[in-house]
Amino acid sequence: MLLLLTTPFNGPHVFLSKSCPLASSGQYYRQTFLTPEALTDPSLVLFRFYRYLWYLIRIAASLAYRPVPLPENPTYVAEDDVTIIVPTIDAGEEFKEAARSWLVGKPKEVIIVTEEKMLGPLQELANSVDPQRIRVITVPYANKRLQMVKGIKEVTTDIIVFADDDAIWPPTLLPYVLACFEDQKVGGVGTSQRVQPVGDKFTVWEVLAAFRLTIRNIEIAASTHIDGGVCCLSGRTAAYRTVILKDPEFIQGFTHDYWLDRYHLNSGDDKFLTRWMVSHGWSTYIQCCKEAELLSTMKPNWRFLKQVLRWTRNTWRSDMRSLFTERYIWTAHPYVAFTMVSQVGINFRLRVSQCLFFRLTNYSIPSRFLPDHASLPSSCQKVRSLSSKAATICPGGTSLRRFVTSRRY
């Protein structure tokens, strides 16, 4: 069995598996082939310049970004103008810590929306924290968008804040979020985020999640500074004007959202809300600062990958709509549109890297590693044909000097 992994920067890697006669010694071998010409090939140099240029632009923009300061005479006060809606079905003990952090900001009310069979357990949790300010309501069955709409219909304040049941806020989060709404054009506000470990120490999965959130914080600060847009107001915590969400047109679209006109969507609610802001002329803002940075737990095991898969699937569906169906993003936030195109093009670039492998390297497998073609089992018979194809694609390659390294694992 032959597995090829190629990157534009490190060159091609050839791994020969233990099940293949080519690894008859019982060892695993890696062979790397890279020509000197590949290092100075114009197409590779241009690719590297392009990639690092945009990294530098994002970092510079994130450093230049500034959060909205607190106003001297705020228009909105949490005690009178903020209702927190928390759609959940299985809140645990972490809910108590999160709920207490929300109440420090003194919102007018916290509404927990759950399914009917979970009313008892969640009512007990709410009573253990603050039965006066936390109210539990239900929907017939678990559906996040229906739960959110149920909560929206119960709200009487000017600002709605959606929060996950494990989102832990700093005491200053609500004032800093409300500061953004001093601009009457702003319809939605998000915040920066950090990972809080479930146990005493970070697991490797939580480290990966923390790295992912750090990159996200840089990207959203950069896009907010450059053109005022953002790819997504994260559902972990986001604030919106109530007048937007109580619009019957919004509620109809939110609860009847279909992918390809066939698949009824339940997840991806934060992406829908962000697209709605853009398509209806509302601005968004991200308060990316310590005073508004929430803590959130992640799956501390391999199930984190399932979360990433779900997020990636929602991102693809939503970004394709933004770019090619609705298309408002192109004129409202061109930089955000560009970043969406870059994300959509990741798989395309992976395919390009495979082409660059043959274009930029002089690939062949030394014959001493290959037994006669006839003696190879079916799992390994493509080795020689692959080598021959590479020689055809890269004519004249035999005159180029090769750097070949072998390592054992």
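Laid out as a table, the results:
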quantity: Yes/no for Ala292 being touching a strand residue (DSSP E or B) at 6+ places or on another chain (Cβ under 6 Å), aliphatic (A, V, I, L, M) and farther than 24 Å from Gln343 by Cβ; calculated: yes
quantity: Close pairs (6 angstrom Cβ cut-off, 6 or more residues apart or separate chains): free of Cβ contacts under 8 Å to residues at least 24 places away in the same chain in segment 280-306, among the hydrophobic types (A, V, I, L, M, F, W, C) and buried (at least 16 other Cβ atoms within 10 Å of the Cβ) anywhere; calculated: none
quantity: Top-ranked residue of segment 81-113 - restricted to ones that are modelled with pLDDT of 95 or more and of a type in the set (Asp, Glu), ranked as nearest to Leu295 (Cα to Cα); calculated: Glu109
quantity: Leu233 vs. criteria assigned to a helix (DSSP H, G or I) and touching a strand residue (DSSP E or B) at 6+ places or on another chain (Cβ under 8 Å); calculated: no
quantity: Exclusive hit being touching a Lys or Arg at 6+ places or on another chain (Cβ under 8 Å) and closer than 30 Å to Pro171 by Cβ, set Glu293, Glu326; calculated: Glu293
quantity: Selected residue [surrounded by 17 or more Cβ atoms within 10 Å (Cβ to Cβ), modelled with pLDDT under 95 and among the small types (Gly, Ala, Ser)] from Ala126, Ala61; calculated: Ala126
quantity: Yes/no for Gln147 being surrounded by 17 or more Cβ atoms within 10 Å (Cβ to Cβ), in a helix (DSSP H, G or I) and without any contact (Cβ under 8 Å) to a residue 24 or more places away in the chain; calculated: no
quantity: Residues of segment 248-265 satisfying the condition of being surrounded by fewer than 14 Cβ atoms within 10 Å (Cβ to Cβ) and over 18 Å from Thr325 (Cβ atoms); calculated: Pro248
quantity: Residues of segment 256-269 satisfying the condition of being outside any loop (DSSP other than H, G, I, E, B) and in contact (Cβ under 8 Å) with a residue 40 or more places away in the chain; calculated: Trp259, Asp269
quantity: Test for Val161: is it in contact with a Cys (Cβ under 9 Å, 6 or more places away or on another chain) and within 29 Å of Gln343 (Cβ to Cβ); calculated: no
quantity: Total residues in segment 153-170, condition over 21 Å from the mean Cα position of the chain (by Cα) and under 17 Å from Lys108 (Cβ atoms); calculated: 8
quantity: Inter-residue pairs, beta-carbon under 9 Å, first under 18 Å from Arg216 (Cβ atoms) and in segment 43-59, second modelled with pLDDT under 85, 6+ apart; calculated: Trp54/Ser342
quantity: When residues of segment 253-272 are limited to those that are within 16 Å of the chain's Cα centre (by Cα) and within 28 Å of Asp183 (Cα to Cα), the one modelled with the lowest pLDDT; calculated: Gly268
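So that you can scan it fast, the table gives a plain yes or no per residue for (1) at pLDDT below 90; (2) not in a helix (DSSP H, G or I):
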{"position": "Thr284", "(1), (2)": "no, yes"}
{"position": "Ser322", "(1), (2)": "no, no"}
{"position": "Val352", "(1), (2)": "yes, no"}
{"position": "Leu356", "(1), (2)": "yes, no"}
{"position": "Arg368", "(1), (2)": "yes, no"}
{"position": "Ser387", "(1), (2)": "yes, no"}
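The values are calculated or read from the model by the stated rules, or taken from the named source; none is laboratory data. Here the structure is a predicted model, which means the values were calculated and not measured. Glycine gets a Cβ as well: all are built from the backbone with ideal geometry, and neighbour counts include every protein chain shown.
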